[in-house]
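Heads up, the thing below is written out as structure tokens.
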Amino acid sequence: MKKQVENEKKDRNEQYSLNDDRRVKVLSPGQLVAKRFFRNRLAVTGLSILVFMFVFSFIGGLISPYSQDQFFYRNELLNREFAAVTENKEFRYMEAEKGSFGSAVNAQAFLAISQGRTEFSYKDVNYTVEPQHDDLYTILSDGKVVGIAYKDVVRSSSGSESLSFDFTYNALLAYTSNQTSFSSGDKSYTIDETGGILEGNQEVAYISRFVVEAKMPDIALSRDFKEKLIVAIQNGETEFTYTDESLILDEEEGQTEDETGGIHTDDPVEEPEGEKNATATYLIERSQNQDNWIIRQEQVSYQYDKYSFPSKTHLLGTDKYGMDMLTRLMYGGRVSLVIGFIVVIIETALGIIMGGISGYFGGWVDNLIMRLVDIFYCIPSTPMLIILGAAMDAARVDPMIRMVYLMLILGFLGWAGIARLVRGQILSLREQEFMTATEACGISVRHRIFKHLIPNVMPQLIVQCTMSLGGVIITEATLSFLGLGVKFPFASWGNIINDVNNTFVLTNYWFIWIPASVLLLLTVLAFNLVGDGLRDAFDPKMKR
Amino acid sequence: MWKYILKRVVISIVILFFVGFIIYTMMRLLPTSYVENIARQKSMQPNSKSYEEWLDQLNETYHLDRGILPGYLSWLGEAVQLKFGDSWFYTDPVLQVFSEHIWLSFIMGVVSFFFELIIAIPLGIIAATRQYSKTDYTISVIALAGISLPTFFFASLLKLLFSVRLNVMPLFGLISKDYNQMTSFNQFLDKAWHLVLPIVTLVVISVGSLMRFVRTNMLEELNADYVRTARAKGLSERKVIYHHAFRNTLIPLVTIIGGSLPGLFSGALITETLYALPGIGYTSFQAMIAGDIPFSMFYMVFLAVLTLLGNLIADILYAVVDPRVRIS
């Protein structure tokens, strides 16, 4: 049965006579070009890469669960030196009036106390040392108290104001003799069992053997914190948890950046302020000389998820702003491709108009336009773009408007080549018979140029455009890489790679710059392959 | 011939005039405050003139006090006498800065151009003689990849591989830390060592287009009638290719080589910047970023001159090398 059908088919084919047109499969010129193009394996590879890139950039962005400007955060355990505690075992000295008790006298007093003497003299002045308690000595001269030596430290509760000698002296006197009240000046104070000194019900100062000092200059430790810390130390604990709403911490990651000279690294995002976290765990470490403790704060801080390595949630990790790399790549591809296309459209439109006019009219118009083309050929475009980019930096142009300017500038600088190509083609086409025919038919000049000449230039034009798409994308990427093109918050492959200027990123975070670079390379390569394939397909005679 | 050259030179000068004018206009329209900054600094110095006086004086020196066209004409008047003024960014005369940095760029340019030639010509010929073979495809794809390769990507890869992973090459700069303690021969070696990666970058980036150029022209010659005649005569394939076809390929090749000679002075802006080499490209990059009008003006006009010179040389060489071409 099947065989029969085939035989019938064969018969039908054989029915046509040899010169019957139906025997020949007729292809339109367009189909021929397509056929030749798809036979070229390299060109097809290029085309599939391009299709992938378009899907990746335009559809990928829609599928991606994250958005272009979504920041990610992570909780990070920070462990840093927070405070130091010293148990005071040495005598401290305080003078009654400024200058009444110099450092030399100080040393003499120390000597006298340690040797158990009660008198010493220095520079013809006699001093007496009067022990009040094991830990408190008064130094008198002519019956007047000039200074004290003490071990318990009196500090004001607010931490800022300094206490008067009289107050300290009286407080220490009362404290060492286990009295619960004393008076200084006109006021009377009470001392509670923890060493707090109260004026009425208000705590104004406290006495303690331990000195707690914050390691960071901008942190004031509260009395409450210190007290609990000391209790913990005295109990020999190694860990201590404390909750305090008033603690203000700012997170900053110390990362040394090593940059090569002039390349701008854009960093418009403010460092995130670490979320205040009231409860923190502190590690207490006793240092070698036994009187010191170092308090390390272990705090969970909530900050940007910068440079995290590829994982299930972020397939290509995150960048320096804590944004998902893969999503940025998709949106970056969108920007790079759109900029490429718009620039080439501007270039081509200008080139066709100028080249078309020039080639068709010839004479002085041609001369004028060609000199203009020469001038544009001569303008060094890279320096020009760099200067304009730097100027836009200085003028703080909005990133969106900046992108528009970038496209206009690139398009305006690039039309000369296309104009030259169009003109050359038109000059030769103009002399052909079909143009004489259009003239004889009385077709208007505009129609003659744009309906009859330009379509004939199309093949070369398409090839040229495809090739220059790759070039424009590289130029844009280079500019963005230098920090002078597309700016944050917009992503472009160039400004994603920009981060490689940081040697630390170059060395440690391959996922920041390799994927973007590979995408860029593949896209440009694909445009060139397709352009090459198109050239061969359009003009088989030129195939080489 | 001489008449033709003269005509071209005159046209080039006219073009240069307009190119300079466009560049000047752009530089003047930039929102740069460099002059104000300098004036403020100078007026801060003890016993100095007031800020306004300094500003007026500086504006007069740089012809910023007049309109764009008169300003350009006075700039041009001085430029013709090779007076380009002082660079704002480097605070030295422009020509002095230029002569300090140009030679590094020139040496890099010459060395990389030499390597490009000795790589591109043989590979281009091989690709053309074995058209559509695997070799041809490989060479073509490599050439295209070289053209498509962004400079900064390739440079970063080289740095990662040779400077970071293998740690045999310097990351950037021209001299090592202990440069001053070296003997002069070692100093030379040190500089040469620092130039290896940049030159490799330059060669790989630009060898592709030259390779394709050689291949295209070689193919054209191989398809010519005289090659068929030569083969029909029974000449060896070697003789056909190198004696007949390649000699004719040399015509466009010599033209394009001649045309790119002036370009050796232009400096590789991106590559030098990436490797922080003090060539003319990096030097002018910094000046341009800082809005240094005298230096940028000079550098851009210099580049325009080089382009025009390259075109002129290429056209003249074309006529000189190929006796079939007569220019009038």
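The values are calculated or read from the model by the stated rules, or taken from the named source; none is laboratory data. Please read all numbers here as calculations on a predicted model, not as lab measurements. Please note: Cβ atoms are built from the backbone with ideal geometry, for glycine as well, and neighbour counts cover all protein chains shown.
Quick notes on this structure:
- Only residues that are surrounded by fewer than 19 Cβ atoms within 10 Å (Cβ to Cβ) and out of contact with any Phe, Trp or Tyr (no Cβ under 6 Å at 6 or more places or on another chain) were counted in the stretch A:302-319, giving 5.
- Of all residues in the stretch B:282-296 being crowded, with 24+ Cβ neighbours inside 10 Å and among the small types (Gly, Ala, Ser), the one that is farthest from the other protein chains (Cβ to nearest Cβ): B:287
- Here the stretch B:89-113 is the region considered, the condition is being outside any helix (DSSP H, G or I) and surrounded by 15 or more Cβ atoms within 10 Å (Cβ to Cβ), and the residue that is modelled with the highest pLDDT is B:93.
- Residue, modelled with the highest pLDDT, within the stretch A:54-88, restricted to residues that are among the hydroxyl-bearing types (Ser, Thr, Tyr) and part of a strand (DSSP E or B): A:86
- Considering residues of the stretch A:358-393 that are loosely packed, with under 15 Cβ neighbours inside 10 Å and within 14 Å of chain B (Cβ to nearest Cβ) only, the residue nearest to residue A:475 (Cα to Cα): A:371
- Subset of the stretch B:157-185 (residues that are among the charged types (D, E, K, R), over 24 Å from the mean Cα position of the chain (by Cα) and within 14 Å of another protein chain (Cβ to nearest Cβ)): B:165
- Qualifying residue in the stretch A:514-522 (condition: polar (S, T, N, Q), within 9 Å of another protein chain (Cβ to nearest Cβ) and more than 21 Å from residue A:417 (Cβ to Cβ)): yes
- Matching residues, the stretch A:421-446, being touching a residue at least 24 places away in the same chain (Cβ under 8 Å) and surrounded by fewer than 21 Cβ atoms within 10 Å (Cβ to Cβ): A:421, A:424, A:427, A:429, A:430, A:445
- Of the numbered criteria (1) surrounded by fewer than 18 Cβ atoms within 10 Å (Cβ to Cβ); (2) touching a strand residue (DSSP E or B) at 6+ places or on another chain (Cβ under 9 Å); (3) among the hydrophobic types (A, V, I, L, M, F, W, C), the one residue A:400 fails is (2).
- Residues in the stretch B:168-195 that are in contact with a His (Cβ under 7 Å, 6 or more places away or on another chain) and surrounded by 17 or more Cβ atoms within 10 Å (Cβ to Cβ): B:170, B:174.
- Those helices (runs of 4 or more DSSP H) of the stretch B:207-295 in which at least 1 residues are more than 23 Å from residue A:380 (Cβ to Cβ), considering only elements entirely within it, cover B:225-232, B:246-260.
- Verdict on residue B:109 being in contact with a helix residue (DSSP H, G or I) (Cβ under 7 Å, 6 or more places away or on another chain) and at positive phi: no
- Single condition residue A:465 does not satisfy, out of (1) within 33 Å of the chain's Cα centre (by Cα); (2) closer than 28 Å to residue A:358 by Cβ: (1)
- Residue, surrounded by the most Cβ atoms within 10 Å (Cβ to Cβ), within the stretch A:138-154, restricted to residues that are part of a strand (DSSP E or B) and more than 60 Å from the chain's Cα centre (by Cα): A:139
- Some residue of the stretch A:37-52 being buried (at least 18 other Cβ atoms within 10 Å of the Cβ) and more than 30 Å from residue B:134 (Cα to Cα): no
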